[in-house]
Amino acid sequence: MRFSRMITAVEAHAEGEPGRVITGGLPPIPGQSVFEKMQWMQAHADEIRLLMLREPRGNPALCCNAIVEPCDPAADAGFIIMEQTEYPPMSGSNTICTVTVLLETGILPMIEPVTELTLEAPAGLIRVRAECRDGKVTRVTFRNVPSFALHLDAKIEVEGHGVAHVDVAWGGMFYVIADAAQFGLDLTPENGAEMVRLCEALRRAAAAQLPVTHPDNPAITGPTISQLTGPAQQPGNHGRSAVTVSNSVSAPPSPMSLPGALDRSPCGTGTSAKLACLHARGMLEAGVDYINEGPIGTTFTARIEGLTQVGPYPAIIPSIAGQAWIYGTSQYMLDPTDPFPQGYRVGDIWG
């Protein structure tokens, strides 16, 4: 057999959201920070993201992570997050998947009952507390990057829906957030197609009408992702969220296409952005647990650990807790004669 590339990965999911973790086969990735490594990979090795996420090796709902050497001496490992159309600076479900893979495969030593470690994400240092028992990571709690609201109850014109009231907030990515009730939509799996179409319309409208830039890193702009919120459906939980990860940043799709996929988990960065908005409205104080449901009913437990300032914005320091499960290991080979070295997308499921 002859291959031009071989990549080793561990397959995992965090509360339902798949997050493939690459453990071997990457080229040397230069950079003075993991953010610079991410930028280099985007500019010079994006074919790895396409190979891993598009068919025949990937699918629209899949995320991927590349374990890299950290640049900050305080970090135990670094990771680069890859999604269908972008390299997010931070992701909660992918953090939980990556921590679980690092510890359960022995890349980093597991200490029971609690392993504490620090990851360097493109967004910065992420402090992690992993509860472990009998070689299994049973819960991952991480302190996310400072999160803040930029717009509350702003009005935007959304194609096909008229005027909508939205928030724009940072939780590791820039989100446009809208209450689903104003559209008469229940956040249930059966309404997944409608949620995706609405989220994409909101994202396009907010990107055009409410563009934002991170005050500490002008290379980070948005909003690039959207979130619908609603009441919890399970007793004891506090709210429900549906986040759409875009599969297309091109012109508006046809009414029947699905240019995105729901995050199957409650979404850690989305939950962080949601908490920032709740706190800005005086609806959530520090030290109080907030249990957020995802579209399939799984939950993350979030909490405001402290307050800070990011540029001109009052910000919170959120923590997110959840669990991941490893369900396989894989080796992906690329035959030099393969006609699809960067995968492909077909409109039946990709939009």
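Once you sort the root eigenvalues of the Cα gyration tensor of segment 15-57 as a ≥ b ≥ c, which label holds: rounded (a/c under 1.5), prolate (a/b larger than b/c) or oblate (the other case)? Judged from the Cα gyration tensor, segment 15-57 comes out prolate (a/c at least 1.5, a/b above b/c).
Taking the convex hull of the alpha carbon positions in segment 256-351 and averaging its projected area over all directions gives 10.7 nm². When each of the peptides 303-310, 172-179, 122-129 is scored by the mean number of other C-beta atoms lying within 10 Å of its residues, the order from highest to lowest reads 172-179, 122-129, 303-310.
Seen from a random direction on average, the alpha-carbon convex hull of segment 103-180 projects onto 7.6 square nanometres.
What does the C-alpha gyration tensor say about the overall shape of segment 148-320? Classify as rounded when a/c is under 1.5, otherwise prolate if a/b is larger than b/c, or oblate. Because a/c hits 1.5 or more and a/b fails to exceed b/c, segment 148-320 counts as oblate. Take 227-233, 2-8, 29-35 and order them by the average number of nearby Cβ atoms within 10 Å per residue, most first; the result is 227-233, 29-35, 2-8. Each residue of segment 134-147 is assigned a 3J(HN,Hα), and the resulting list reads 6, x, 10, 7, 9, 6, 10, 10, 10, 8, 7, 5, x, 10 Hz, derived from the Karplus form 6.51 cos²θ - 1.76 cosθ + 1.60 (θ = phi - 60°), x at Gly and Pro. Counting only aspartates and glutamates at least 8 places from residue 155 when in the same chain, those with an alpha carbon closer than 13 Å to its own are 167, 179. Converting phi to 3J(HN,Hα) with the Karplus coefficients 6.51, -1.76 and 1.60 and the offset θ = phi - 60°, segment 279-294 yields 5, 4, 8, x, 9, 8, 9, 5, x, 10, 5, 10, 9, 10, 8, x Hz in sequence order, with x at every glycine or proline.
Could you work out the relative contact order of segment 148-320, using alpha carbon pairs under 8 angstrom and six or more residues apart, expressed as a whole percent? Contact order relative to length: 22 percent. Taking every C-alpha pair closer than 8 Å and separated by at least 6 residues, the mean separation divided by the residue count of the chain gives a relative contact order of 22 percent.
In square nanometres and to one decimal, what's the mean projected area of the convex hull around the Cα atoms of the chain? The directionally averaged projection comes out at 17.4 nm².
This model, with +1 at the C-beta of Lys and Arg and -1 at the C-beta of Asp and Glu, gives the chain a dipole about its Cα centre of some 120 debye.
3J(HN,Hα) along segment 17-27: 8, x, x, 4, 10, 7, 10, x, x, 7, x Hz, from the Karplus curve 6.51 cos²θ - 1.76 cosθ + 1.60 with θ = phi - 60°, whole Hz, x for Gly and Pro. Taking the Kirkwood radius as Rh and the Cα radius of gyration as Rg, segment 129-246 has a ratio of Rg/Rh equal to 1.04.
No lab work stands behind these numbers, since they all come straight from the coordinates. No experiment lies behind these values; they were computed from the predicted model shown. Ideal geometry is used to build each Cβ from the backbone, glycine not excepted, and the neighbour counts take in all protein chains shown.
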